[in-house]
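Down below is the structure, laid out as structure tokens.
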Amino acid sequence: MLGITAGQRRSLRSRAHGLKPVVSISRNGLSGPVLKEIDACLESHELVKIRVYGDDREERERLLGEICERLDAAPVQHIGKLLVVWRPEAGDRKTGHS
């Protein structure tokens with residue numbers, strides 16, 4: 001999982017405010033195709049919102065952690081049924097720049 005500073009998190013939350021969710025996770029959970037779609041969106045946009053359909057907050061937290069672990073991304077925010085995830089471009093991941 002990629003780590004970020006509190007300042008980076010604040011900046012990313014601000015950038016994410018106007019974004020629409022680009023991927024939805026249904027009751028079927030985090031399937032291979034859904035994970036692949038999140039990965040593709042991160043490659044294109046770096047910062048994405050994900051809508052989770054389900055009322056279990058702990059399950060949404062688990063999904064956020066799993067997404068970040070499996071895709072080497074950073075958790076930015078979990079608010080309600082929305083998750084915000086960030087991953088810099090591949091070149092920036094090696095140097096740690098955003």
(message) Can you go through ILE67, ILE4 and tell me which one is surrounded by 12 or more Cβ atoms within 10 Å (Cβ to Cβ) and assigned to a loop (DSSP other than H, G, I, E, B)?
(response) ILE4
(message) I'd like the full set of residues that are farther than 23 Å from GLU89 by Cβ and either at pLDDT 95 or above or hydroxyl-bearing (Ser, Thr, Tyr) (or both), limited to the stretch 34-55.
(response) ARG51, VAL52, TYR53
(message) One residue is enough: does the stretch 26-43 have a residue meeting the conditions surrounded by 15 or more Cβ atoms within 10 Å (Cβ to Cβ) and part of a strand (DSSP E or B)?
(response) no
(request) Within the stretch 7-23, track down each residue that is touching a Lys or Arg at 6+ places or on another chain (Cβ under 9 Å) and either outside any strand (DSSP E or B) or among the charged types (D, E, K, R) (or both). (result) ALA16, LEU19, LYS20
(request) Report the residue count in the stretch 70-87 for those that are out of contact with any Cys (no Cβ under 8 Å at 6 or more places or on another chain) and not in a loop (DSSP other than H, G, I, E, B). (result) 10
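The values are calculated or read from the model by the stated rules, or taken from the named source; none is laboratory data. Remember, predicted model here, so these are calculated numbers, not experimental data. Cβ atoms come from the backbone with ideal geometry, glycine included; neighbour counts cover every protein chain shown.
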